[in-house]
Amino acid sequence: EPEVTQTPSHQVTQMGQEVILRCVPISNHLYFYWYRQILGQKVEFLVSFYNNEISEKSEIFDDQFSVERPDGSNFTLKIRSTKLEDSAMYFCASSEVVFTDTQYFGPGTRLTVL
Amino acid sequence: AQTVTQSQPEMSVQEAETVTLSCTYDTSESDYYLFWYKQPPSRQMILVIRQEAYKQQNATENRFSVNFQKAAKSFSLKISDSQLGDAAMYFCAYRRGETSGSRLTFGEGTQLTVNP
């Protein structure tokens with residue numbers, strides 16, 4: 001069964017450093033998403049992406065964040081200058097372009113900012 | 001804005017018994033979708049079941065079923081014949097239906113413990 005994959009599984013970085021989280025969505029999916037889950041809290045939407053542009057973003061997704069589809073398979077989330085409060089689990093998801101689309105999640109990347 | 005509320009932070013059930021997890025939501029939309037996702041200790045988000053708001057029939061997936069009460073804006077998950085592998089955090093989620101690619105809004109989660 002096709003699945004969303006994410007790398008790395010765990011990323012440790014120093015405050016102020018840039019990180020890039022990578023995702024490979026399901027191959028026939030065209031909508032891509034990033035969500036964040038701070039430990040012990042609910043899952044929060046960050047951004048959705050379709051046709052090489054952001055289709056929706058939350059108030060969390062400020063100028064330090066960016067997304068990109070650099071090639072035909074990868075979807076990345078870049079955090080330009082990490083803060084302690086960026087420590088969280090980051091989930092990538094993808095869905096087909098139909099009204100009934102269900103979002104399928106990757107296993108997540110645990111980001112630890114020291 | 002849509003909100004999703006799970007009022008039970010923790011629930012427990014005996015193996016082989018039945019448990020119901022509650023979820024309520026608030027929306028002014030008429031077209032939307034509701035989901036239950038399971039998050040085991042590995043923290044991966046796994047889809048359990050989906051309900052379309054326009055369907056009156058409650059969704060079922062093997063031992064998992066929902067009780068969808070549209071007027072009451074309630075969407076509970078029933079797990080029958082509970083198994084040890086069902087132990088996880090369960091999240092209820094909402095998505096508006098008028099366009100593709102809409103964000104999911106999650107509830108706070110219910111931690112389910114299954115006792116042998």
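Just so it is clear, none of the values below were taken in a lab; they were calculated from the coordinates. Worth saying up front: this structure is predicted, and the values here are computed from it rather than measured. Neighbour counts are summed over all protein chains in view; Cβ atoms, including those assigned to glycine, are modelled from backbone coordinates with ideal geometry.
Quick notes on this structure:
- Meets criteria (buried (at least 17 other Cβ atoms within 10 Å of the Cβ) and either among the charged types (D, E, K, R) or away from chain B (no Cβ under 14 Å) (or both)) for A:ASP63: no
- From the list A:GLU68, A:GLU85, A:GLU96, the one residue that fits, being within 14 Å of another protein chain (Cβ to nearest Cβ) and not aromatic (Phe, Trp, Tyr), is A:GLU96.
- The set of residues in segment A:23-50 that are assigned to a loop (DSSP other than H, G, I, E, B) and more than 10 Å from chain B (Cβ to nearest Cβ) comprises A:PRO25, A:ILE26, A:SER27, A:ASN28, A:HIS29, A:ILE38.
- Screening segment B:1-75 for strands (runs of 3 or more DSSP E) wholly inside it with 3 or more residues that are more than 14 Å from chain A (Cβ to nearest Cβ) and under 28 Å from A:GLY108 (Cβ atoms) returns the ranges B:10-14, B:19-21, B:64-69.
- Here B:ARG95 fulfils each of the conditions (1) within 22 Å of B:THR18 (Cα to Cα); (2) within 14 Å of chain A (Cβ to nearest Cβ); (3) charged (D, E, K, R) apart from (1).
- Identity of the residue in segment A:1-22, within 24 Å of B:LYS38 (Cβ to Cβ), part of a loop (DSSP other than H, G, I, E, B) and not hydrophobic (A, V, I, L, M, F, W, C), that ends up farthest from the chain's Cα centre (by Cα): A:GLU1
- Within segment B:34-45, being touching a residue at least 40 places away in the same chain (Cβ under 8 Å) and either of a type in the set (A, V, I, L, M) or farther than 13 Å from B:PHE106 by Cβ (or both) holds for B:LEU34, B:PRO40, B:PRO41, B:MET45.
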